[in-house]
Amino acid sequence: MANRGMSAAMLTEIAKTQNYPIHLVYIETSPALYITTAHKVVPYNSQNYSPLGQLLSIPEIEESLALNARTISLSLSGVDQSIISAVLSQKLINKDIDIYMGFLDSGGSLISDPLQIFKGIIEDFDADENDVQGNSIVKVSAASHWVDFEKTSGRRTNDADQQSIYPGDDGFRHTSEIISDLEWG
């Protein structure tokens, strides 16, 4: 699989001595964020990816033959108030994030279908405002979609389930007697 599923147009563009690579990033918020590293709006898959100049860094994404969870961290800089609001007011943990790599031709149009280089879910996020410099940075940590590959669905933290897996283990024997209203702090 030497071409990684790339179209002929993308393979031709990669072979050129000069090209214009871009990234397209989708983050599942409400409304969804569609942003690009390009200098202009890039239409793809019935969506317009905005060139907000906000993608501060996209990490190197490593490939592996092993089915394991990879994690990445994206930084968005100069973030406007709508994105800060979306990050702080929504439950972003376990929301989707997709990153595509593509190329623009000399006229600024997207060449063929971009290649999806990362598909995952958001594990953590952080928003920082720098009052001195007058800018904001949002950092998003995400794990590949393989993060739940080995997760066993349907497990419960009760004695019956514990006994079915580890007979004789008393770890959950008294869980039904634990006080249900614990006060913290």
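Once the Cβ-Cβ distance of residue 12 and residue 141 is raised to the sixth power relative to R0 = 45 Å, the FRET efficiency obtained is 0.80. Checking the cross-link pairs 40/139; 91/139; 16/40; 95/119 against a 19 Å limit on the alpha carbon distance flags 40/139; 16/40 as lying beyond it. Once the other residues with Cβ under 15 Å from the Cβ of residue 43 are scored (Lys, Arg +1; Asp, Glu -1), what is the net sum? Neighbourhood net charge equals -1. With the cut-off at under 16 Å, measuring from each backbone N in the stretch 87-112 to a point 7 Å along the Cα-to-Cβ line of residue 44 picks out 97-106, 108-112.
Carbon and sulfur together cover what percent of the accessible area of the stretch 88-127 at a 1.4 Å probe radius? The computed percentage sits at 44. Calculated FRET efficiency, residue 169 to residue 71, Cβ-Cβ distance, R0 = 45 Å: about 0.90 to the nearest 0.05.
The values are calculated or read from the model by the stated rules, or taken from the named source; none is laboratory data. Computed from a predicted structure; not experimentally measured. Please note: Cβ atoms are built from the backbone with ideal geometry, for glycine as well, and neighbour counts cover all protein chains shown. All accessible areas refer to the heavy atoms of the entire protein, side chains included, with ligands and DNA or RNA removed. Shrake-Rupley method; radii C 1.70, N 1.55, O 1.52, S 1.80 Å.
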